[in-house]
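The values are calculated or read from the model by the stated rules, or taken from the named source; none is laboratory data. Since this is a predicted model, take the numbers as computed values, not measurements. Quick reminder, even Gly has a Cβ in these numbers, built from the backbone with ideal geometry, and neighbours come from all protein chains shown.
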Amino acid sequence: MQRQDIEAAVLLHAPNVTYATGFVPDATDASHANYRRAVAIVPVAGPARLFAHPSVNADPTSLDVLAESELWPELDDGMPQLHRVLHESIGDLEGRRIAVDAVTGAMARAGILDGADLVDASRVVGPARLCKTEDEVACIERAQILNERAMEIARQHCVPGARRSDVAGALLAELRRLGSDHNEIDPIFQVMSRRRTDGVVTDVGEVAFPTGIEDPEFAEGDLVWVDGGHGYEGYASDYGRTWIVGRDPNREERDCFERWKSIMGATIASVRPGATLADVARAATDANDGTRPWLAHFYVGHAVGLDSAEMPMVGSDLGDEFDAGFVLAEGMILVLEPIVWLDGVASYRAEEIVVVTADGARVLTSSPGYWPYAGSDDRLVPS
Amino acid sequence: MTSDALLTDRRDRVLAAMADADLDVLVLGRQDDANFAAGMHRLWTAGTRPFGAGCIVVRSTGRTHVLSSWDAGLPATMSVDDLYPATWNPRIMAGYLAEVPGLSTARRIGVDEVSPSFARAAARIAPGATVVPADDVIAAARCRKAPEEIELIRQSCAVARMGVEAVLKDPSDGIARAIIAMAAQGATIPSSAPSARSLPDGFTIDIGVIVDGYEGGIGGRFIAAGRVSRSKLPAACRAGATHRDLTLAATDANWLVRGLGMGFEKPVMNTRLGTGQVLEQGMVLSVSDGEHRDVVLVTAGEPEVLSIARAEETVERRES
């Protein structure tokens, strides 16, 4: 904020509020999350003020910020109070440079921020959130370990005759038993067709994933792309694997996995401080004989933090120039997710989270098991 | 499942509300607003999202356009030509938006939220347009429920009740049991955060769930034989009821009456909020009086409590 002459940040988007204050709102449907938003007001000289609804999952009194009673930025009725606290914290807004991440209809109608020079809060919070501290990495690792443990239970339910929703229920229940009440996505267990054109495809004819809308009954031999994430202290995990329902992989499926493993190994080996995103994308592509091993609407890697997908993104449609100009630094996180697709035969997709260390990268996982392809002692890179 | 007739009805309600508010285009970033207007099934994620053009409704063409790279989940009321693909690149997104028929020539564009960068992008894409807040426009369209919406909410409430029963059946495993029981009905999306606190003689439970886009929920103090908490607040939710009427009926200072449909909706009334609000026939409300919570339909006569079972009710397992 100091570098950009921004005098205050008004934050309404949950990950930004969490970053500024430590408060983690309940993981609820977006409609509930919008109405029951926590709000953070951060003057450049500090301290951050937090206005939060009572939460089932958090105790705001434990935080080193000023925790105050809730605001209702969705409601016209909530505007007098919001106006009052903004002026207490910032004073007259006329001509002042204020960072904000959302302006609700009620705020616009009441002219709450009129006269201020508004900029996107992502310009402030985005760069601050790029490099993770040791504590942040520990939260992501903890989230990932719990996610892996719950997925171990879920996969035991992914059997012929079970539905996606049953497996999702087993996962969500196990997360709850492990003490997590912060699931962030309706878990994905998507049955993939063997031939690209037999399934749903994107506008450019690629595999559509994750559609997240069907509740299929699994049959023996189904290839299931799995993806799920929950948060620990607000920090997200990202579990990705490919499962086969009810049987061991055949030779073609195993070959597909082995190819994926060599691509993942080469991609991880390219991650180090000073490397660019383009270097990482190139390592993945070179290991796949010159073809990009990812879907055009996505990327081969993205960061995870208080958002489940955040900057930087590797190989996205931000373009090659963006990738070439973005240099990795210690503390950055990448979730790498190459895909091997042998059309008409098999596919394999899985994800690993790595943190950029002083001289390379470390995989955040307790046991990178690749059931039913390989055991938990099967390491991608020497640890 | 939601019928095509309901999807058409919802879109028509949005278009009528746009006409009343003199809006040429409505840009919706909120998932629930987009789902209401377009009815396209998409992946659910928890929590707030940064504002983006998730759905665009154009009054002159009557079309809804949705951000999606594929047609899975596309309802029969939309065409594949109504989709624009996902992108991480703001310049590419601006290009997609500029191609939406009727957007670049719009005079008045309504938004359900806005960010500084979207306001700037809109000024470039539609130079002649004024961008105005329209969260109240879509809220008004959503406020009174169609009969099919009421039945969808009733079914979601029945699923939430199964969650409560599962907690009572195996109290040692609490909410995990509720999650499994509701998932067996195909329901894996929560609305509010579920809670179950044990008491000497039972449990305080509150469960909210979204099934086929519509919310259901129930809360209260329960013993093995059923719910023992009581409240006069649901019965006070009659057409014409005022803030004062609700205040008099509530037993707990911590009462909340809010709209319920495709999630949390307007109106919102508690001790401080909604003092000028009057309840209208056709509203569905989540009515909380302390730990007790019911879902209530406001009718011309006695309010109908949708969260308690009708005698003949059976819930069939959801079709895949």
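Computed quantities for the displayed model
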| quantity | calculated |
| --- | --- |
| Cβ pairs under 6 Å, 6+ apart, first in region B:256-267 and touching a residue at least 12 places away in the same chain (Cβ under 8 Å) and more than 7 Å from chain A (Cβ to nearest Cβ), second part of a strand (DSSP E or B) and acidic (D, E) | B:G259/B:E265; B:L260/B:E215 |
| Any pair with Cβ under 8 angstrom, 6 or more apart, that starts in region A:180-199 at a residue that is more than 12 Å from every other protein chain (Cβ to nearest Cβ) and assigned to a loop (DSSP other than H, G, I, E, B) and ends at one that is surrounded by fewer than 22 Cβ atoms within 10 Å (Cβ to Cβ) and of a type in the set (V, I, T) | A:R194/A:V345 |
| Unique residue being within 21 Å of A:S308 (Cβ to Cβ), of a type in the set (G, A, S) and within 14 Å of chain B (Cβ to nearest Cβ) when the list is A:A150, A:A128, A:A138 | A:A150 |
| Cβ pairs under 7 Å, 6+ apart, first in region A:1-14 and under 17 Å from A:L82 (Cβ atoms), second among the charged types (D, E, K, R) and in a loop (DSSP other than H, G, I, E, B) | A:L11/A:D101; A:L12/A:R37; A:L12/A:D101; A:H13/A:D101 |
| Qualifying residue in region B:210-217 (condition: over 16 Å from the mean Cα position of the chain (by Cα) and surrounded by fewer than 24 Cβ atoms within 10 Å (Cβ to Cβ)) | no |
| B:T64 being at the interface with chain A (Cβ under 9 Å from one of its Cβ atoms), modelled with pLDDT of 95 or more and out of contact with any Phe, Trp or Tyr (no Cβ under 7 Å at 6 or more places or on another chain) | no |
| Hits in region A:5-21 - residues which are in a loop (DSSP other than H, G, I, E, B) and within 13 Å of chain B (Cβ to nearest Cβ) | A:I6, A:L12, A:H13 |
| B:S192 being within 14 Å of another protein chain (Cβ to nearest Cβ) and not in a strand (DSSP E or B) | yes |
| Single match in A:H87, A:H53, A:H32 (criterion: surrounded by fewer than 16 Cβ atoms within 10 Å (Cβ to Cβ) and either outside any loop (DSSP other than H, G, I, E, B) or in contact (Cβ under 8 Å) with a residue 24 or more places away in the chain (or both)) | A:H87 |
| Residue match in region A:61-71 (condition: crowded, with 21+ Cβ neighbours inside 10 Å, more than 28 Å from the chain's Cα centre (by Cα) and not assigned by TED's automatic domain parsing to the domain that holds A:G229) | no |
| Matching entry among B:P194, B:P171, B:P200 (being touching a residue at least 24 places away in the same chain (Cβ under 8 Å) and over 22 Å from the mean Cα position of the chain (by Cα)) | B:P171 |
| Any pair with Cβ under 6 angstrom, 6 or more apart, that starts in region B:112-135 at a residue that is within 19 Å of B:R91 (Cβ to Cβ) and facing another protein chain (nearest Cβ under 7 Å) and ends at one that is of a type in the set (A, V, I, L, M, F, W, C) and surrounded by fewer than 23 Cβ atoms within 10 Å (Cβ to Cβ) | B:P116/A:L118; B:P116/A:V119 |
| Failed item, numbered, when A:F209 is tested on (1) more than 10 Å from chain B (Cβ to nearest Cβ); (2) assigned to a loop (DSSP other than H, G, I, E, B); (3) among the hydrophobic types (A, V, I, L, M, F, W, C); (4) buried (at least 18 other Cβ atoms within 10 Å of the Cβ) | (1) |
| Scan of region A:90-120 for residues that are part of a loop (DSSP other than H, G, I, E, B) and touching a Lys or Arg at 6+ places or on another chain (Cβ under 9 Å), ordered by number | A:A102, A:G115, A:A116 |
